[in-house]
Amino acid sequence: MAIQYRENSIAIGGGAWGDEGKGKFTDYFASQSHQEGKDVLVYRVNGGANAGHTLEFEGKRISLHQIPCGVFIKDAKVVLGGGMVIHPDDLLTEIKMVEEASSGQPPSTIIIDNMAAFALDTHRAYEDVLKKEIDSGSSGGTGRGIAPAYADIVNRREVRMRDLIAGDWDKIARHYQFYSRQINGLGFDMGKMKVAYLNDQNDTRPVGNEKEFIDRLKNAREKLLPLTSDVYKFIKDSWVDPKTSFIFEMAQAVGLDYRYGVRPDVTASDTTFASITASTQGLVDYRDIKRRISTLKATYCSSVGSRKLPSRMEPQLEARIREDAKEYGATTKRSRDIIYFDLPALRFYQRVGGANEIGLTHMDIVYPETPIKICIDYQIDGKSVPYRPDQEWLNKITPVYEELPTWDGTRTNLAQKFRNLPQEAKDYIHRLEAELHCPVTLIGNGPRREQVIEI
Ligand code: IMP
């Protein structure tokens with residue numbers, strides 16, 4: 001029986017360890033759908049302020065964290081989905097940044113699902129305490145309280161946007177007290193602990209006492225009230241409306257998934273396409289989405305955190321790529337590790353992630369005198385072994401590499417069609433398709449929105 005996909009539906013996710021350039025593709029599809037006269041709906045699925053999507057358009061460079069990438073598309077509706085964990089204060093700052101970048105009013109409508117849970121300063125403080133624990137996977141975290149926020153959901157004690165909107169200050173006060181007691185019990189004074197907040201300088205500020213904490217949320221409530229609603233019916237109706245073009249924006253990547261990533265330095269959300277089904281409360285079966293695009297950097301991977309990947313590059317080439325491709329975290333400004341294109345790990349992520357297409361970015365990061373080296377196998381004691389989602393296992397791995405011919409990066413920048421790419425680049429893409437058992441359908445060949453080749 002032929003699969004009945006929902007037309008005009010696309011999901012974009014990360015196929016490696018994050019920062020693959022997903023935002024560029026989301027922005028590209030949103031802008032293309034708008035030009036085709038469709039109603040554009042961009043739905044952010046998971047994660048929170050740990051994400052950083054850098055967009056370049058009209059000469060501006062802006063990093064989005066919680067707001068979906070379609071926010072600068074005229075008349076688009078951008079939804080912060082129920083699977084997210086939201087920091088209301090940071091969200092307000094981000095909305096202000098978006099307003100400034102669009103000279104006042106954003107051209108789109110921002111909608112927050114009232115089922116989205118909170119990732120508050122309490123969670124950030126608690127994560128900081130966890131970071132100090134030996135053997136904690138939190139040591140590589142972004143400090144945005146993501147794991148404690150999702151742990152609240154698993155512990156069945158989450159506070160949601162709808163509690164803020166209802167002004168349930170008792171519940172929020174109990175939340176504060178609960179974290180304060182836990183953190184005090186572990187030897188810290190939560191009110192005095194400094195946590196990250198969204199600002200250019202990476203500054204921190206104290207959580208404050210209960211009143212200060214609640215006052216900040218009261219202020220946020222005023223401004224977020226008009227944007228927050230029960231989106232269930234809206235999503236249900238839009239999904240069956242053929243005029244609506246659906247774009248699902250995933251955050252992080254399969255290599256950071258809490259089950260499949262390099263444990264213990266993983267994020268806490270489900271980063272596979274299956275999480276779309278959960279975030280929409282079962283309204284959208286992710287298998288009905290026509291294009292599920294896993295994004296990868298074409299010639300290398302990057303990773304930021306404490307995980308140690310077996311195929312990390314030697315320092316000289318790593319430093320060169322880091323500078324050329326601006327490989328610094330959009331959220332934490334940390335420098336990213338540069339990893340050889342790692343087939344054993346990426347093949348695994350491709351298999352469990354649920355993608356049916358691949359989009360490649362950074363095709364121009366190649367050097368004329370340096371062959372492209374890819375990791376083709378993992379070995380232990382001379383025997384071929386698979387990737388497993390476990391740092392201790394990966395510590396034992398010896399990578400096996402193969403060198404492939406490089407190409408002229410300036411030519412890929414200029415190419416507007418697949419056929420205009422250098423032959424070596426075309427051969428390389430075909431090799432990746434065969435290795436990853438998935439077609440490459442999209443190439444990002446430069447930072448600007450329009451620099452995308454559809455194959
Ligand atoms: P958390 O999501 O802040 O808990 O961080 C867990 C791990 O995922 C850390 O190693 C982070 O550096 C990494 N991480 C989280 N979000 C991103 C992202 O958007 N890009 C790259 N790495 C990320």
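Just so it is clear, none of the values below were taken in a lab; they were calculated from the coordinates. Nothing here was measured: the structure is a model prediction, and the numbers come from that model. A quick note on method: Cβ atoms are made from the backbone with ideal geometry, for glycine too, and the neighbour counts reach across all protein chains shown.
I need the fraction of alpha carbon pairs in the range 281-402 separated by more than 20 Å, rounded to a whole percent. Value for the range 281-402 (Cα pairs over 20 Å): 51 percent. Whole-Hz Karplus values for the range 198-204 come out as 6, 7, 5, 8, 6, 6, 10 Hz, taken residue by residue from phi with 6.51 cos²θ - 1.76 cosθ + 1.60 and θ = phi - 60°; glycine and proline positions read x.
One quarter of the convex hull surface built on the alpha carbon atoms of the range 109-251 amounts to 10.4 nm², the projected area averaged over directions.
From least to most packed, judged by other beta carbons within 10 angstrom and beginning with the fewest, E454, E369 follow the order E369, E454. Note on N202 and F418: the model spin-label points, each 7 Å out from Cα along the C-beta direction, lie 4.1 nm apart. What percentages, rounded to whole numbers, describe P(r) for the chain computed over all alpha carbon pairs with 10 Å bin width beginning at zero? For the chain, the binned pair fractions read 4, 21, 31, 26, 13, 4, 0 percent. Only Cα pairs under 8 Å and 6+ residues apart enter the sum, and on that basis the relative contact order of the chain stands at 20 percent.
This ranking places H123, H34 by how few other beta-carbon atoms lie within 10 Å of each, fewest first, which gives H34, H123.
Can you give the longest stretch of the chain with no exposed loop site, where a site means trypsin sites (Lys or Arg not before Pro) in a DSSP loop (not H, G, I, E or B) with at most 16 other C-beta atoms within 10 Å? The longest such stretch corresponds to 158-242. When each of E402, E56, E357 is scored by the number of other beta-carbon atoms lying within 10 Å, the sequence from fewest to most is E402, E56, E357.
Amide H contacts of I112: L80, T228, S229, each under 5 Å away and 5 or more positions distant or on a separate chain (H built 1.01 Å from N in the peptide plane; Pro and chain starts excluded). Judged by the gyration tensor of its Cα atoms, with axes a ≥ b ≥ c, the range 54-177 is oblate; a/c meets the 1.5 cut and b/c is at least as large as a/b. Provide the net charge surrounding W169, with neighbours chosen by a C-beta distance below 11 Å and charges set as Lys +1, Arg +1, Asp -1, Glu -1. Taking every Cβ under 11 Å from that of W169, the sum is 0. Applied to the range 5-14, the Karplus parametrisation 6.51 cos²θ - 1.76 cosθ + 1.60 on θ = phi - 60° returns per-residue 3J(HN,Hα) values of 7, 7, 4, 6, 9, 9, 10, 10, x, x Hz, with x for Gly and Pro. Among residues other than D121 with Cβ under 9 Å from its Cβ, the summed charge is +2 (Lys and Arg +1, Asp and Glu -1). At full extension, S306 and K192 could sit 38.4 nm farther apart than now, given 0.36 nm per residue minus the alpha carbon distance. May I ask which of K194/K333; K373/K426; K22/K290; K22/K74; K38/K218; K308/K426 have a Cα-Cα span longer than 26 Å here? Distance filter (> 26 Å) returns K38/K218; K308/K426. Net charge around I293, counting only other residues with Cβ within less than 10 Å of its Cβ (Lys, Arg = +1; Asp, Glu = -1)? Local net charge: +2.
Across the range 122-190 the C-alpha pair distances fall into 10 Å bins from zero in the proportions 20, 50, 26, 5 percent.
What does a probe at E99 reach in the range 215-233, counting residues whose amide N is under 15 Å from the point 7 Å along Cα→Cβ? Of the residues in the range 215-233, 219-228 have backbone N under 15 Å from the label point off E99.
Between K211 and K233, the modelled labels are 4.1 nm apart [label points 7 Å from Cα along Cα→Cβ].
Restricting the calculation to Cα atoms, the range 1-118 shows an Rg/Rh of 0.96 when the hydrodynamic-style radius is the Kirkwood one.
Taking the inverse of the mean 1/r over every pair of distinct Cα atoms in the range 342-445 gives a Kirkwood hydrodynamic radius of 15.1 Å.
Close amide H contacts of A11 (hydrogens built in the peptide plane, cut-off under 5 Å, sequence separation of 5 or more or a different chain): F248, R291, R292, I293.
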